[in-house]
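Scroll down for the structure; my scribbles are underneath it.
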Amino acid sequence: MFRIEASRQSSTYCDGMSRRSFLQIGIAGVANASLADVLRAKNASERLGHAKKDTSVILIWLDGGPSHMDLWDMKPDAPAEYRGLWQPIGTNVSGLDISEFFPKKARNADKFSIVRSLCNNQTHHEPASRQMLTGRDNRGADNKRAKYPSIGSIATKVCGSRRPGIPPYISVPVASTIGHVPGYLGASYLGIQHDPFQTGGDPNLADFKIKNLTPPSGINVERLEDRAGLRKQFDNWHRQVDKSNTFAALDKFDKQAFELVAGSTARKAFDISLESDRNRDRYGRNSWGQSTLLARRLVEAGSTFVTVHCGGWDSHWELEASMKRQLPQLDSLVSALFEDLADRGLLDQVMVVVGGEFGRTPFMNTGHDKGKPGRDHWGNTFSCLFGGGGVQGGQIVGASNDRGEYVTDRLVTPSDFHATIYHALGVDPEIHLLDLAGRPVPAVVDGKVITELF
């Protein structure tokens, strides 16, 4: 039995809970839901047609909400309780300053732009994540399940994979939002065939492998081929009386499932050991860095939408320790990704988005009696990084006030965030998709492309 397994890592958020998730799907005809079944369901669902651009997206999701005041919208002239502990540094683009923890990104600022005026007015993780990833407020909804499909699910329903033999929508290592799997990264009424394929595991470990692409002990590709041949023999007599071409369709989906498991495209794309030591080093020898490198391999192989989960940004206390640990890792992986894409001639074909569900309070708290000071939740203004996929680098879009409390210029909504990503993919933001009742539902509500980025 092959398995799709979510990461065994646990992430603790401000509610104090540690959540673990596990998803198991049997394939090769020995479990209830086969990969071929998923492919058949995908074909049966309404296809909207391919998008007009050969573009992919890597969404680096900073789960928990990063502090805009300490990353991309620093306020060195604000009072001490607002400005934080560190100073901004200049970049290779005049007037674009970022945290002193980002010296590598500072050398690559011409490859990305920063939106400093996002706003969702949310103060809780679930509704904020729901808005940013599904584009809907949906107040009163079950926090553990999304009523609407994620941006990745919609994008890949429209676009499919850019090349055959690779899943269109992948989450590395897990599709997790505030501990919910797939949470607001899932497909909702579009069906499980549009949920993200989760790699599980830790790409930084020496024995990392995709379990559901690895045959069980004693089963190699040759034996899989033997099994496929045996199954074909058993089915031959049915084909002799088949009048509806049903088996011709089954052959197609079984072939796709077999190619994904036994074919070289997916296996090579997921094999991060094929990367040079130098390239692995520059991304960072940690889970975040190697997950991002794997994401680059996947879009290069033909995936359309890949998410990278980087959790642990819910810094209500111990902000200094958290930032000292996280920001150097983020600096390495983001700068390496942009350099790598540029070196490979892929920067125009891959949009990189880095952000979380909201920002943090502009003013420092006292640590809530649990440690040194930190920052609480803040959705009135926060920042996000965009680069590649047609984005003009070196720009700042929007602004917050001198204490980072609220937007003063060019307010950007979650719907605008979605419309912008769809635009990069060549997906019409005006499209409608059918829900379970057969009613057309718009992919984006009142969203406008952030045209300054292009």
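Laid out as a table, the results:
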item	result
Neighbour-limited loop hits for trypsin sites (Lys or Arg not before Pro), the stretch 84-120 (at most 15 other Cβ within 10 Å; DSSP other than H, G, I, E, B)	R107
Qualifying trypsin sites (Lys or Arg not before Pro) for the stretch 359-454 [loop in DSSP, other Cβ within 10 Å: at most 13]	K370
For the stretch 394-454, diffusion coefficient by Stokes-Einstein and Kirkwood Rh (Cα), 25 °C, 0.890 mPa s, µm²/s	185 µm²/s
Prolate/oblate/rounded label for the stretch 279-433 (Cα gyration tensor, a/c 1.5)	oblate
Span from the the stretch 372-407 Cα centroid across to the the stretch 158-192 one, whole angstrom	26 Å
Ranked D369, D97, D137, criterion: other C-beta atoms within 10 Å, fewest first	D369, D137, D97
Förster-model FRET efficiency, 30 Å R0, N286 and A342, C-beta, rounded to 0.05	0.85
Cβ-derived FRET efficiency at R0 41 Å, H368 paired with R163, nearest 0.05	0.25
Sites matching GluC sites (Glu not before Pro) across the stretch 266-331 that sit in DSSP coil, with at most 16 neighbouring C-beta atoms within 10 Å	E318
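Each reported figure results from applying straightforward, stated rules to the coordinates on display, with no laboratory input. Predicted model only: the values in this text are computed from it and were never measured. Here the Cβ is made from the backbone with ideal geometry for all residues, glycine too, and neighbour counts use every protein chain on show.
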